[in-house]
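Comments concern the structure below.
The values are calculated or read from the model by the stated rules, or taken from the named source; none is laboratory data. Note that the structure is predicted; figures quoted are calculated from it, not measured. Using ideal geometry, Cβ is built from the backbone for each residue, glycine included, and neighbour counts are taken over all protein chains shown. What goes into the accessible areas is simple: the full protein's heavy atoms, side chains included, and nothing from ligands, DNA or RNA. Shrake-Rupley method; radii C 1.70, N 1.55, O 1.52, S 1.80 Å.
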Amino acid sequence: MNPADTFSGPRPLRWSLPRPLTVIAVLLAALLALPVLVVMFNLSAPSTGTWSHLASTVLPEYVRNSLLLMCGVAAGVTVGGVTTAWITTMCRFPGHRVFEWALLLPMAVPAYVMAYAYTDLLQFAGPVQSVLREWMGWKAGDYWFPDVRSLGGAVVMLSLVLYPYVYLLARAAFLEQSDSMLEVARVSGYGPWGTFRRVALPLARPGIVAGVALALMETLADYGTVSYFGVQTFTTGIFRAWFSLGDHTAAAQLSAVLLGFVFLLLLLERASRSRAGFHNASHRKRLRNVYHLRGWRAAVALLFCVTPLVLGFLLPAGVMLEMALTSGDAQFGARYLTLTRNTVVLATVTALLAVLLALMVAYAARSTRTGWTRIANRIAGLGYAVPGAVIAVGVLIPVTRLDHLIAGWIETATGAHPGLILTGGIAALVYAYLVRFFAVSLQAVEAGMAKVTPSMDDAARSLGYGPSATLLRVHAPLLWRSALSAGLLVFVDVMKELPATFVMRPFNFDTLAVQAYNLAADERLAEASTAALTIVLVGLLPLILLSRMILRPAGGAQASGD
């Protein structure tokens, strides 16, 4: 047995009196976990008539539709993400360098924007069916055409938007695989398909499973697509219980059931990774032997890469652009400058706060190495697994109660009732965003901090730097790339976020996502195209920059024949 294996497990937890950094990390974790705890606490609240009615009528439909949606999206993102990741990593054909980063562009298109575009394209009065009737001489009722506004349509929309999660992690896993293992497979008589199925795919399984889990969590969190398509899921039920029925307890209980789905998904993902412990012990140059495709093989590879890019980005963006130019929103102008400003300000503020807090929490875990900080990091990272509708419910319940307490105290002291101060404010909305997306920035910062050698900390201490000075003068300059990646990821996510924004935005404070959804819900797709296209365009530049940063292979990972 390798002696190094004896020390391969995680370090034992140290429990000691908390330091200031540890206290900060624990308090931040508690603050970010509060909405989830509030939702879980309401699971044991006294049952209401609304909850009994929901449980006996629509709850089975919520469960069935959510499960079918998850199964369909899991299959779609796995096929699309793994196939394109393998082709762009191991094959060389005309345009492969462009596809390496371009295949991430569908992440800039929110799923509800994709739904609007394909509804306009495929509906009865849309161009596809109109041309079909003209060519074939058909009339209404003479033919059958699949209804895009259905459960199957929602599966396709979400798969086209979410496959980049699997593509990103699967490609990273393929790039990290040792070239010597692939050579052994070829010497053993395996062709390209056998090498992929018997060697590369099992080794990349942890990354693929993690990508599918992320896609499924986003699927459970989606509201705009399923609501527009009329698919009844947990998120639509939460909104109905909160707004239509006015029962906050029933909304929280539905949120708790949805949270159970998420936690089960996380447990399955963790169990899958725990059974797959693969290590690359080879130091040989990687990916020297790639497949140089010519003729029909290059055409097939090109087709596999072009299809998701066209269906997931170029086609919906083109439809939105055409509608925006030919009709669009008559209010375009100062109104849209305000909407864009609101959206960009919220995304920027949240991204900066998320990166700043992630640096503090990650450095606290690095410098103290106590059990408190490890637990704090895990708790703080739970928010990304929680749908925005659940977080909105979990934030509004305690904030509303706090508002009533403050208002009562002010009224007692002054005799004047100030109304609600915190509920419906910008601060509460940014807080919900941080709960939802803090894990994104924390993972990126932790990954970058893990690459900083511990000797840098020792050198800083020997020069008399304290923890704060070490973080600002040593780690921060080394982590700019990871911090920028974290900020860009949070920025793009907040740009697209709809459920929490829809519930918690201040009065008369709309964003591009809310504007697009409201217009589309009123069947004003042409007007909604302006806001939808603006979301795509604003999120496109940071996403291109991010994709070039993330997918740029490290030294030695490029093929020599490239």
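Points worth noting:
- Across the range 95-104, the qualifying residues are those that are surrounded by 13 or more Cβ atoms within 10 Å (Cβ to Cβ) and not aliphatic (A, V, I, L, M), and the one among them that is modelled with the highest pLDDT is PHE99.
- Test for PRO506: is it in contact (Cβ under 8 Å) with a residue 12 or more places away in the chain and touching a Leu at 6+ places or on another chain (Cβ under 9 Å): yes
- Single residue of the range 385-412 satisfying the filter (free of Cβ contacts under 8 Å to residues at least 24 places away in the same chain and in contact with a His (Cβ under 7 Å, 6 or more places away or on another chain)) that is least open to solvent (accessible area, probe 1.4 Å): ALA407
- Among the candidates LEU158, LEU203, LEU175, residue that is in contact with a Phe, Trp or Tyr (Cβ under 9 Å, 6 or more places away or on another chain) and either open to solvent by less than 50 Å² (accessible area, probe 1.4 Å) or modelled with pLDDT of 75 or more (or both): LEU203
- Taken together, the criteria place VAL79 among residues that are among the hydrophobic types (A, V, I, L, M, F, W, C) and either surrounded by 23 or more Cβ atoms within 10 Å (Cβ to Cβ) or within 19 Å of the chain's Cα centre (by Cα) (or both).
- Within the range 269-299, tally of residues that are modelled with pLDDT of 75 or more and either out of contact with any helix residue (DSSP H, G or I) (no Cβ under 9 Å at 6 or more places or on another chain) or open to solvent by 60 Å² or more (accessible area, probe 1.4 Å) (or both): 7
- Residues located in the range 304-329, provided they are in a helix (DSSP H, G or I) and polar (S, T, N, Q): THR307, THR326
Residue-wise test of (1) under 13 Å from LEU311 (Cα atoms); (2) in contact with a Gly (Cβ under 8 Å, 6 or more places away or on another chain).
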| site | (1), (2) |
| --- | --- |
| PRO146 | no, yes |
| VAL156 | yes, yes |
| LEU160 | yes, yes |
| ARG171 | no, no |
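- Restricting attention to the range 105-150, the residues that are open to solvent by 20 Å² or more (accessible area, probe 1.4 Å) and in a loop (DSSP other than H, G, I, E, B) total 16.
- Condition check for LEU54: more than 24 Å from the chain's Cα centre (by Cα) and surrounded by 21 or more Cβ atoms within 10 Å (Cβ to Cβ): yes
- With respect to the conditions (1) farther than 30 Å from ALA30 by Cα; (2) at pLDDT 70 or above; (3) crowded, with 20+ Cβ neighbours inside 10 Å; (4) of a type outside the set (Lys, Arg), THR350 falls short on a single one, namely (1).
- Hits in the range 90-104 - residues which are part of a helix (DSSP H, G or I) and within 19 Å of PHE313 (Cβ to Cβ): HIS96, ARG97, VAL98, PHE99, GLU100, TRP101, ALA102
- Test: residue in the range 180-196 that is open to solvent by 30 Å² or more (accessible area, probe 1.4 Å) and at pLDDT 80 or above: no
- Filtered residues of the range 304-324 (kept if in contact (Cβ under 8 Å) with a residue 40 or more places away in the chain, of a type outside the set (A, V, I, L, M) and open to solvent by less than 60 Å² (accessible area, probe 1.4 Å)): CYS305, PRO308, GLY312, PHE313, PRO316
- Pairs where the first residue, in the range 44-65, is part of a helix (DSSP H, G or I) and acidic (Asp, Glu) and the second is open to solvent by less than 70 Å² (accessible area, probe 1.4 Å) and at pLDDT 85 or above, C-beta under 6 Å, 6+ apart: GLU61/GLN232
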